[in-house]
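Below you'll find the structure, written out as structure tokens, and then a few comments.
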Amino acid sequence: MGNCSICAIRSKAVDALNPTEVEYLQGNCAEVDMKPGESIIKEGSLSSHIAYLKSGLATIHKKGVKGTDQILKILQPGCYIGMQTVLSNKIHQYSASAIEDSTICYIDITSFKDLISRNAQFANELILYLCRDELSYFARFVNVHQKQVDGRLADTILFFSDEVKKSRSFQIPLSRNDIAALICATRESVTRSIKDLSDIGSIRVKGKSFEILNYDLLKIISEKG
């Protein structure tokens, strides 16, 4: 079990807690290592804990009317998972799964609520976190519905390059089907789009390995949609 008081990626909300409250949080928290594909929370299950992504990568996904999963978001370290359930519903409304080796901190939901009621700054930081999270969904919703597949794929490649891997050469730990579920396209459309972007010299792709050859061109495709 890690030490919450010296955790390098603890949230701003936890920074607002006093030492006694941090000790209380740590006493009601369990750290779990997960492999790719393992479930962090499951849609439709009873919520008993808040999850916090300490390391690795994960996806938020939700089943549609046809029973297929739609990937809503890629999560990086420092993200809370299932926090909406604290104030709105006892049942998880979406699932989350690890896509890389990940470490998850599970926080007892009753203790989490207790800290919200005790510490106004802690509660305020959580509200700010939820607001930023919601605004990111607004931007993603518009991009998914107004951009062509090439633009949406370019967005995803740039996201992994700029925000996740911070490199022009990297792996995207998603299958073609997963990428399709993320950008609201078919697997066939994703395959064609990868070929299109490769043919114009913007990227080189081999399996899950991506290399950006012409960043400026890829950025233009992303912006123009």
Region 147-224 -> Rg/Rh from Cα coords, Kirkwood Rh, value 0.91
Here the FRET efficiency for GLU134 versus SER11, based on Cβ atoms and R0 = 22 Å and rounded to 0.05, is 0.85
Hydrodynamic calc, the chain: Kirkwood Rh from Cα pairs, then Stokes-Einstein at 37 °C with viscosity 0.692 mPa s, so D in µm² s⁻¹ is 175
Here the FRET efficiency for HIS145 versus ASN3, based on Cβ atoms and R0 = 35 Å and rounded to 0.05, is 0.20
Of all trypsin sites (Lys or Arg not before Pro) in region 123-185, the ones in DSSP coil with at most 11 other Cβ atoms within 10 Å are LYS166
Residues of region 71-90 with backbone N under 12 Å of the label point set 7 Å from the Cα of ALA120 along Cα→Cβ are none
Proxy exposure order for PHE141, PHE159 (fewest C-beta within 10 Å first) is PHE141, PHE159
Simple spin-label estimate for SER198/LYS66, 7 Å along Cα→Cβ, in nm, reads 2.6
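Taking only C-alpha pairs under 8 Å that are 6+ residues apart, what is the relative contact order of the chain in percent?
Worked out over the chain, it gives 20 percent.
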Rounded to the nearest Å, the spacing of the alpha-carbon centers of region 146-177 and region 183-218 is 9
Expected max-MSF residue from CYS131, CYS184, CYS79 in the GNM of the chain (alpha carbon, under 10 Å) is CYS131
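Laboratory data are not the source of any read-out in this text; all were calculated from the coordinates shown. Here the structure is a predicted model, which is why all the values come from computation and not from measurement. FYI the Cβ positions are ideal-geometry reconstructions off the backbone, even for glycines, and counts take in every protein chain you see.
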